[in-house]
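Scroll down for the structure; my scribbles are underneath it.
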Amino acid sequence: MLAIGSDHAGYTLKCEVKKYLEQKGVQYIDCGCNGERADYPDIAKAVCDKVTGGECDKAILICGTGIGISMSANKIKGIRAALCQDYYTAKYTRLHNDANVLCMGGRVIGAGTAEEIVEVFLDTEFEGGRHADRVEKMMKLEQG
Ligand code: RB5
């Protein structure tokens, strides 16, 4: 199960991504917004709670640039949010960082690029090995 959310600036792209997920048969929970003005930290929190609470194992967040919503998500314990606007970074953030939240900018990329990014993000497994040690160190930074 996947959680998805956007602010108003990411809403149009979120609708495109949802259509794509439906075509692929991926089940999702939409945590808002529904097109109305929304603050990206509120959406990041609603979506990331689904991941940290165990209801979803991955999530997608979209705002205008992808920056505010990714910064917000990364303040939440247990979240590894990656802002990806291209295929390569989406692939490697799964392989090397075990990212559990994909962030995109609805005012930056189009639906075609977003679909490729989502596909590789969902289909790529974490490589583990030496990357597991690094991810573990990264997560320890949350403890101060
Ligand atoms: C909203 O206007 C915009 O600031 C927001 O979507 C995002 O781009 C912030 O990082």
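The values are calculated or read from the model by the stated rules, or taken from the named source; none is laboratory data. As the structure is a computational prediction, the values presented were derived from the model and not from experiment. Here Cβ is always computed from backbone atoms with ideal geometry, including for glycine, and neighbour counts include all displayed protein chains. Accessible surface areas use protein heavy atoms only, side chains included; no ligands, DNA or RNA. Shrake-Rupley method; radii C 1.70, N 1.55, O 1.52, S 1.80 Å.
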So K50 clears everything in (1) away from the ligand (no atom under 14 Å from the Cβ); (2) within 14 Å of the chain's Cα centre (by Cα); (3) free of Cβ contacts under 8 Å to residues at least 24 places away in the same chain except one condition, right? Which one? (3)
Identify, from the list D98, D57, D86, the residue that is open to solvent by 70 Å² or more (accessible area, probe 1.4 Å) and either modelled with pLDDT of 95 or more or within 16 Å of the ligand (Cβ to nearest atom) (or both). D57
Determine the pairs where a residue that is among the charged types (D, E, K, R), located within segment 1-13, has a partner that is in a loop (DSSP other than H, G, I, E, B) and near the ligand (Cβ under 10 Å from one of its atoms) with Cβ atoms under 7 Å apart, the partner being 6 or more residues away or on another chain. D7/A38; D7/D39
Exactly one of I117, I109, I43 is open to solvent by less than 10 Å² (accessible area, probe 1.4 Å) and within 26 Å of G25 (Cβ to Cβ), and that residue is I117
I want to confirm something. Restricting to segment 122-131 and keeping residues that are open to solvent by less than 70 Å² (accessible area, probe 1.4 Å) and touching a residue at least 12 places away in the same chain (Cβ under 8 Å), which single residue is nearest to the chain's Cα centre (by Cα)? L122
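In segment 25-46, what count of residues is obtained for those that are within 14 Å of the ligand (Cβ to nearest atom) and among the hydrophobic types (A, V, I, L, M, F, W, C)? Quick ask: steps written out before the conclusion?
First, pick out the residues of segment 25-46 that are within 14 Å of the ligand (Cβ to nearest atom): 32-33, 35-44.
Pick out the ones that are also among the hydrophobic types (A, V, I, L, M, F, W, C) and you get 33, 38, 43-44.
Going through segment 25-46 one residue at a time, the tally reaches 4.
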Whether any residue in segment 61-75 is without any contact (Cβ under 8 Å) to a residue 40 or more places away in the chain, within 16 Å of the ligand (Cβ to nearest atom), closer than 17 Å to V135 by Cα and open to solvent by 10 Å² or more (accessible area, probe 1.4 Å) is what I want to check. yes
